[in-house]
Amino acid sequence: MKLVAPSILAANFNHLGDEIEMINNSEADFVHCDIMDGVFVSNISYGLPIVQHVHQISRKPLDVHLMIVNPDRYINEFYRAGAAIITVHYEACTHLHRTVQQIKDLGIQASVCLNPHSPVALLSDIIEDLDMVLLMSVNPGFGGQKFIENTYRKIAQLKDLIIQRNSKAMIEIDGGVNFEVGEKLYNAGADVLVAGSFVFGSENPIETIAALKRL
């Protein structure tokens, strides 16, 4: 599987409607929405109102990544705002199984994210319940960071775990994606690439998205 999820964190918010229409007209599979609270990560991005507006315009499913503390408190709200996939961080969830079931009970896809320092083995008791696992290939909080090379090894470990447990989970990668890195990620076993500044900073974002899917 070769799926692409442009991250609107890197979009021009003065023309956000136009940016979403660009994604609509592209081969992108999801719109990736990075929600940051200034507590779990040091940056603050945007919240429910932006997700609601994006949902009204987007013809692509919303892939909502909650980089926040106490995500359980906001899962229902982001579902109502239009999320098709909700990702929570392993590091932010005291009762991860309950959080995942809360998402799945809404009839949408549940995903768990691991920060660069968190080993894949932490998901061994919940991988069967997940629709997707997001591996951060940079430290979360800011776009445009350098890719962490250890990600390739983590993909291989995660792929082995998915196969061993007969899980259907997709593998998503977020951080430092470009053509060279993207090809290696797909070859290592990734299914979904999140790309922010690489897409929105390119001369032709629609062509960049198409090229990422052809790697």
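Please treat every number below as a calculation from the coordinates, not as lab data. It should be emphasised that the depicted structure is a prediction, and the values quoted were computed from it without experimental measurement. Glycine also receives a Cβ, built like all others from the backbone with ideal geometry; neighbour counts cover every protein chain displayed.
The table below gives the values:
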| item | result |
| --- | --- |
| Residues being in contact with a helix residue (DSSP H, G or I) (Cβ under 7 Å, 6 or more places away or on another chain) and closer than 19 Å to Leu114 by Cβ - total across region 34-53 | 2 |
| Unmet requirement for Tyr79, which otherwise passes all of (1) in contact (Cβ under 8 Å) with a residue 24 or more places away in the chain; (2) surrounded by fewer than 16 Cβ atoms within 10 Å (Cβ to Cβ); (3) hydroxyl-bearing (Ser, Thr, Tyr) | (2) |
| Number of positions in region 44-76 that are surrounded by 18 or more Cβ atoms within 10 Å (Cβ to Cβ), under 19 Å from Leu16 (Cβ atoms) and among the aliphatic types (A, V, I, L, M) | 4 |
| Test: residue in region 76-83 that is farther than 17 Å from Asp37 by Cβ and charged (D, E, K, R) | yes |
| All positions within region 150-185 that are buried (at least 21 other Cβ atoms within 10 Å of the Cβ), under 18 Å from Pro6 (Cβ atoms) and of a type outside the set (A, V, I, L, M, F, W, C) | Glu172, Asp174, Gly175, Gly176, Gly182 |
| Tally, over region 5-28, of residues that are in a helix (DSSP H, G or I) and small (Gly, Ala, Ser) | 2 |
